[in-house]
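The values are calculated or read from the model by the stated rules, or taken from the named source; none is laboratory data. In this text the structure is predicted, and so the values were computed from the model without any measurement. Positions of Cβ are backbone-derived with ideal geometry, glycine not excepted, and every protein chain shown enters the neighbour counts.
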Amino acid sequence: MTRYIFVIGGVMSGVGKGTATASIGKILQSKGYAVTAIKIDPYINVDAGTMNPIEHGEVFVTVDGDETDQDIGNYERFLDINITSINYMTTGRVYKTVIEKERNLEYGGRCVEVVPHVPEEVIRRIKTAGKEAHADFVLIEVGGTVGEYQNILFLEAARMMKIEAPKNVLFFLVSYFPIPSKLGEMKTKPTQYAVRTLNSAGIQPDFVLCRAERPLDEPRKRKLAVFCNMQDGDIISAPDVNHVYEVPINFENDDLGNKILKKFHLRPATKDLKDWRALVSVIKNVKKEVHIAVVGKYFSTGEFVLADSYISVIEAIKHAAWANKVKPVLTWLNSEDYEKHPAKLKELSKYDGMVVPGGFGTRGVEGIIKAIEYARIHKIPYFGLCYGMQLATVEFARHACGLKDAQTTEVDVKTKNPVIHIMPEQIKNVENKRYGGSMRLGAYDCWLEKGTLAREAYKENLISERHRHRYEFNNDYKDLFVKKGLIISGTNPQKNLVEIIELPKNKHPWFVGVQFHPEFQSRPLRPHPLFREFIKAALKK
Ligand code: GLN
């Protein structure tokens with residue numbers, strides 16, 4: 001039997017609903033249950049691929065090639081599972097299906113209405129996701145906050161599921177408790193209103209997760225419980241922590257796992273988060289630092305926004321650093337600075353390693369190429385992810401093969417040396433303005449050559465990694481590059497596409513570029529082999 005737990009936000013967004021959802025999943029999983037998690041985004045966008053990452057955060061790519069919200073990445077990292085497309089829905093996606101069904105006469109000539117047909121489609125997706133994952137528990141995070149016009153139909157779906165099977169559905173409200181600086185006192189009133197708003201959607205929360213700077217004290221728990229028709233024990237403190245991976249442990253300190261099981265009339269379980277606790281202890285205790293420069297075109301967005309746009313890259317670096325028992329220190333360097341002031345490139349020598357993450361467009365590209373040249377010549381361990389691999393190819397073409405005008409056609413369509421070019425099927429997509437969901441997306445095989453850094457890291461011949469790009473390495477240049485000393489260490493066997501390039505071990509301590517996004521498969525307890533080896537090389541520097 002599958003049980004469903006809805007996680008709904010109150011008062012304001014951005015208080016860690018995704019982490020809370022992932023953490024609830026983690027503690028249930030640690031008690032021996034199969035768990036999966038769903039994210040509902042109330043946007044009209046059909047997927048996150050067309051949303052601006054600076055505004056919305058990273059686009060997380062699933063194995064089956066869906067472009068989803070960064071919370072899906074949180075779920076994958078916490079639960080160590082692969083999540084597929086059915087677990088991500090937006091308003092646009094739900095409506096699209098309903099309209100397509102109507103066009104196909106699947107409603108048998110009936111009048112198709114917003115209610116019940118739209119919530120019914122939401123419910124169908126939730127149940128299918130549970131079935132496909134063979135899940136005992138399905139967590140469903142409803143984006144936004146209660147009272148927003150945008151998520152009413154999703155709350156309606158949740159309410160309908162509760163009516164259908166009252167014993168199998170639970171509701172969490174994740175709410176924020178401000179402490180106005182002039183008062184110094186925590187206020188519960190906004191949450192009382194949020195609960196009332198949820199009540200008016202026909203839903204009574206079973207638990208309130210209290211996000212605040214500090215834990216909620218007993219008198220306030222009491223007060224909130226009385227006003228919201230709840231028991232004191234169902235009000236769970238969720239104070240700020242230094243690290244997101246501490247959250248499941250905090251919840252367990254409140255015995256949340258067994259409280260949930262009890263509500264579902266399931267036997268309490270004692271299994272503990274043993275490995276997870278060991279990881280958190282490493283995170284808290286590592287002292288030695290590894291300094292990594294992340295070079296890209298950054299707006300004056302501030303680090304806060306960058307942290308959201310590159311969350312999987314940041315997490316992958318952290319996982320790898322902890323596996324090497326060091327503390328990761330990341331610095332964001334704006335490549336445009338190197339275009340204006342090349343002398344600044346020298347600052348790169350301060351770092352133990354350099355990463356160029358994925359990206360799109362023209363701005364800052366020349367600066368990135370300069371930074372890659374610096375890392376290659378000055379033997380700074382280098383890891384290029386997607387665009388970081390493509391631009392490393394351009395750099396090698398220009399400065400090691402003498403093709404001065406080499407470029408990716410993403411930047412210059414007319415370049416005489418298109419070492420990175422667009423695939424024929426992608427040209428058609430762009431010409432016909434088919435932008436949404438049309439890149440090379442999802443997991444593809446990659447064959448690794450013996451004796452290479454890549455093969456030694458993975459310790460396997462054939463691997464699978466996730467992609468999100470339109471442009472590719474141009475095979476016309478392969479022979480020249482190899483003659484000039486570049487190693488092609490990974491190739492897609494089906495389409496003969498170059499997936500990994502590297503420099504020989506006797507020429508550079510560690511220089512690897514990958515056409516895919518390894519960061520999507522890194523997990524806290526299972527760091528990605530390439531990130532792990534990159535950090536190892538950085539530590540040697
Ligand atoms: N802009 C490049 C492409 O589309 C790289 C994309 C990326 O880094 N994800 O191929």
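Name the single residue, out of those in region 262-282 being at pLDDT 85 or above and among the β-branched types (Val, Ile, Thr), that is nearest to residue 382 (Cα to Cα). I'd like the intermediate steps shown before the answer.
Step one: of region 262-282, the residues at pLDDT 85 or above are 262-269, 273-282.
Going one step further and asking which of them are among the β-branched types (Val, Ile, Thr), we end up with 280, 282.
Values: 280: 28, 282: 25 Å.
Here the answer is 282.
Taking region 117-151, which residues are touching a residue at least 40 places away in the same chain (Cβ under 8 Å), β-branched (Val, Ile, Thr) and either under 21 Å from residue 44 (Cα atoms) or in contact with a Phe, Trp or Tyr (Cβ under 9 Å, 6 or more places away or on another chain) (or both)?
Hits for region 117-151 are 122, 126, 138, 140, 142, 145, 146.
Every residue, every condition in (1) crowded, with 17+ Cβ neighbours inside 10 Å; (2) part of a helix (DSSP H, G or I); (3) free of Cβ contacts under 8 Å to residues at least 24 places away in the same chain, yes or no:
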| residue | (1), (2), (3) |
| --- | --- |
| 72 | yes, yes, no |
| 75 | yes, yes, no |
| 83 | yes, no, no |
| 86 | yes, yes, no |
| 93 | yes, yes, no |
| 96 | no, yes, no |
| 100 | no, yes, yes |
| 105 | no, no, yes |
| 110 | no, no, yes |
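Among the residues of region 328-344, write down those that are away from the ligand (no atom under 16 Å from the Cβ) and over 25 Å from residue 536 (Cβ atoms).
The answer is 334, 336, 337, 338, 339, 340, 341, 342, 343, 344.
Whether any residue in region 394-404 is under 20 Å from residue 465 (Cβ atoms), crowded, with 20+ Cβ neighbours inside 10 Å and touching a residue at least 40 places away in the same chain (Cβ under 8 Å) is what I want to check.
Initial filter on region 394-404 (under 20 Å from residue 465 (Cβ atoms)): none.
Looking through region 394-404, none of the residues is under 20 Å from residue 465 (Cβ atoms), crowded, with 20+ Cβ neighbours inside 10 Å and touching a residue at least 40 places away in the same chain (Cβ under 8 Å).
Of all residues being in a strand (DSSP E or B) and closer than 20 Å to residue 401 by Cβ in region 460-474, which is nearest to the ligand (Cβ to nearest atom)? Just the residue, please.
The qualifying residue nearest to the ligand (Cβ to nearest atom) is 471.
Count, please, the residues in region 157-189 that happen to be basic (Lys, Arg) and either exposed (fewer than 12 other Cβ atoms within 10 Å of the Cβ) or in contact with a Leu (Cβ under 8 Å, 6 or more places away or on another chain) (or both).
Selection size over region 157-189: 2.
Just give me the residues in region 498-508 being in contact (Cβ under 8 Å) with a residue 24 or more places away in the chain and more than 15 Å from the ligand (Cβ to nearest atom), in sequence order. First the steps, then the outcome.
So the first thing to find is which residues in region 498-508 are in contact (Cβ under 8 Å) with a residue 24 or more places away in the chain, and the list is 498-503, 505, 508.
Scanning region 498-508 gives 502, 503, 505, 508.
Mind listing whichever residues of region 133-156 are in a helix (DSSP H, G or I) and either in contact with a Cys (Cβ under 8 Å, 6 or more places away or on another chain) or surrounded by fewer than 13 Cβ atoms within 10 Å (Cβ to Cβ) (or both)?
149
Please work out which one of (1) at positive phi; (2) under 26 Å from the mean Cα position of the chain (by Cα); (3) small (Gly, Ala, Ser) is the condition residue 184 fails and give its number.
Failed condition: (2).
Residue 449 versus (1) over 30 Å from residue 44 (Cα atoms); (2) buried (at least 18 other Cβ atoms within 10 Å of the Cβ); (3) touching a residue at least 40 places away in the same chain (Cβ under 8 Å); (4) not aliphatic (A, V, I, L, M): which is the lone unmet condition?
Result: residue 449 passes all but (2).
In region 475-497, which residue that is in contact (Cβ under 8 Å) with a residue 40 or more places away in the chain and part of a helix (DSSP H, G or I) is surrounded by the fewest Cβ atoms within 10 Å (Cβ to Cβ)?
Among residues in region 475-497 that are in contact (Cβ under 8 Å) with a residue 40 or more places away in the chain and part of a helix (DSSP H, G or I), the one surrounded by the fewest Cβ atoms within 10 Å (Cβ to Cβ) is 480.
Considering only residues of region 345-361 that are surrounded by fewer than 23 Cβ atoms within 10 Å (Cβ to Cβ) and more than 16 Å from the ligand (Cβ to nearest atom), which is farthest from the chain's Cα centre (by Cα)?
Here the residue is 346.
Restricting the search to region 511-535, which residues are more than 21 Å from residue 351 (Cα to Cα), more than 16 Å from the ligand (Cβ to nearest atom) and of a type in the set (A, V, I, L, M, F, W, C)?
Within region 511-535, 525 is the sole residue that qualifies.
Which residue out of 352, 308 is touching a His at 6+ places or on another chain (Cβ under 6 Å) and touching a residue at least 24 places away in the same chain (Cβ under 8 Å)?
Result: 352 is the single residue among 352, 308 that is touching a His at 6+ places or on another chain (Cβ under 6 Å) and touching a residue at least 24 places away in the same chain (Cβ under 8 Å).
Go over the candidates 285, 250 one by one and state the one that is farther than 30 Å from residue 383 by Cβ and either crowded, with 17+ Cβ neighbours inside 10 Å or of a type in the set (S, T, N, Q) (or both).
250
Under 9 Å between Cβ atoms, at least 6 apart or on separate chains: pull out the pairs that start in region 1-26 with a residue that is free of Cβ contacts under 8 Å to residues at least 40 places away in the same chain and in a helix (DSSP H, G or I) and end on any residue that is surrounded by fewer than 22 Cβ atoms within 10 Å (Cβ to Cβ) and β-branched (Val, Ile, Thr).
Note: no pairs meet the criteria.
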